[in-house]
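Reading through the C-alpha cells given below for one structure.
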Amino acid sequence: MAKIFIDGSEGTTGLRINERFAGRDDIELLKIDPELRKDPAEIKKLINQSDVTFLCLPDAAAMEAADMVENEKTVIIDASTAHRTLPDWAYGFPELSKEHREKIKNSKKIAVPGCYASGFIALAYPLVKKGVMPKDYPVSVFAASGYSGGGKKLIASYEEEGRDKKFDSARMYAWGQTHKHLKEMKAITGLEREPLFSPFTTNYHSGMLVQVPIFTDLLSKKMTPGELRDFFASYYEGEKFIKVMPLGSAEEAGALFSDGMAGNDGMEIYVAGNDERIMLATRFDNLGKGASGAAVQCLNIVLSCDEAKGLNL
C-alpha cells in the first residue's frame, strides 16, 4: 500500500485530489495535524515518510518543500508552476508521447501541467512535433475558465454573499502578456515565441475551453478541417483521457459551452472551420485534466495501476 501525503490538502487542488482517493484501497493517506500544517519540521517528516507527496502550494512553498526530500524513494508530484520547464522534472502529460509517459513512470520529480497550458499544449505539441505548424507560427490563444482556477481569493469574490455585480460578467485579464503559463506553453511545445494569450473567467465554478485559431496558409503543411481532425484522432488514438470529437460538432446552434466537462477528468478536442481558417479547441475541467485529475493520473502511472483509477471519465 502506497503512503501518500498531500502538502496543501486544504486548497482547491488538494481537496479535489482527496475526493479522487475516496474508496481506494491501495493507498494510505498521511495526514498532518491541522495545528502543524505550516510547521517545516512536520512537513519534512511526512514528505520523507511518504512514497508519493503531492505539492498543492504556491510556487515558493513548493520549491521549499521539494528541497526537503531526503528519502531517495519519495516521489514528488508538484501541481505548482515552479518546476514545469525544468529538464530534470517529468512533465505530467503522458498522452503527448511515449517518452513523456516513460519519464513520468521512472521519475522521482513530476510537474503537473497548468490548466490553460494543458488545453493549448494538447493542440500545439502534436502540430509542432509532426511538422504541421512551424516553430515560428504567430500563435493566438483564447480561453474561458470557471472561477475555481483563480484560487481561494477569487473563489471568495464570486461566492461571497452580496458580491460585487461586476462578477456577473466576463472577467478579462492577463492584458500584459505575462501570464505564468506562457513560459510553459512555449517551452513544452518547442515554439520559438510565446503565444498571444487572452484568458477570461466568468460566473461558473469549473470547466475550461481553450481555443487556437489557425490560418491554414501559414502552416508548414496546409490541411483541411477534416484532415486536421483526423490528424488529432490518429495522434491520440487509444488514449482514454482524450477524445477527438466529430468534425464541426457542437452542442447547440454551433455553440460550445465551457463548463460541459465540469467534474470530468478527461479532455475533448474540437476542430471546425473552413479551408482558410480553422478553429481548434479543447474542453475539459480546469480542476480535472487541468489540475487534480492530471496529478492523480500521474500517481496511477507511478503505481503501475490503471491510469483512470479513481478518476471520472
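The values are calculated or read from the model by the stated rules, or taken from the named source; none is laboratory data. Remember, it's a predicted structure, so these values are computed and weren't measured experimentally. For neighbour counting, all protein chains shown are included, and Cβ atoms are generated from backbone atoms with ideal geometry for every residue, glycine included.
Anything in the range 116-169 that is within 15 Å of the chain's Cα centre (by Cα) and not in a helix (DSSP H, G or I)? List them, or say none. Passing the criteria: 143, 144, 145, 146.
Specify the residue that is surrounded by the fewest Cβ atoms within 10 Å (Cβ to Cβ); the eligible residues are those in the range 272-288 that are within 24 Å of residue 128 (Cβ to Cβ) and within 20 Å of the chain's Cα centre (by Cα). By that ranking, first place goes to 281. When restricted to residues that are charged (D, E, K, R) and surrounded by 12 or more Cβ atoms within 10 Å (Cβ to Cβ), the range 133-167 contains 3. Taken together, the criteria exclude residue 180 from residues that are on the phi < 0 side of the Ramachandran plot, in a helix (DSSP H, G or I) and among the basic types (Lys, Arg). Filtering the range 211-248 to residues that are aromatic (Phe, Trp, Tyr) and more than 25 Å from residue 300 (Cα to Cα) leaves 215, 231. For residue 255, indicate whether it is assigned by TED's automatic domain parsing to the domain that holds residue 279, among the aliphatic types (A, V, I, L, M) and without any contact (Cβ under 8 Å) to a residue 12 or more places away in the chain. Here the answer is yes, as residue 255 does meet what is asked. Scanning the range 5-31 for residues that are surrounded by fewer than 21 Cβ atoms within 10 Å (Cβ to Cβ), at pLDDT 90 or above and not charged (D, E, K, R) yields a count of 4. For the structure I just gave you, tell me whether residue 70 is acidic (Asp, Glu) and surrounded by 14 or more Cβ atoms within 10 Å (Cβ to Cβ). Against the criterion (acidic (Asp, Glu) and surrounded by 14 or more Cβ atoms within 10 Å (Cβ to Cβ)), residue 70 does not qualify. Tell me, yes or no, whether the range 89-110 has at least one residue that is in contact with a Leu (Cβ under 6 Å, 6 or more places away or on another chain) and of a type in the set (Val, Ile, Thr). No, the range 89-110 contains no residue that is in contact with a Leu (Cβ under 6 Å, 6 or more places away or on another chain) and of a type in the set (Val, Ile, Thr). Among the residues of the range 1-58, those identified as part of a loop (DSSP other than H, G, I, E, B) and touching a strand residue (DSSP E or B) at 6+ places or on another chain (Cβ under 9 Å) are 1, 8, 9, 21, 26, 31, 32, 37, 50, 51, 56, 57.
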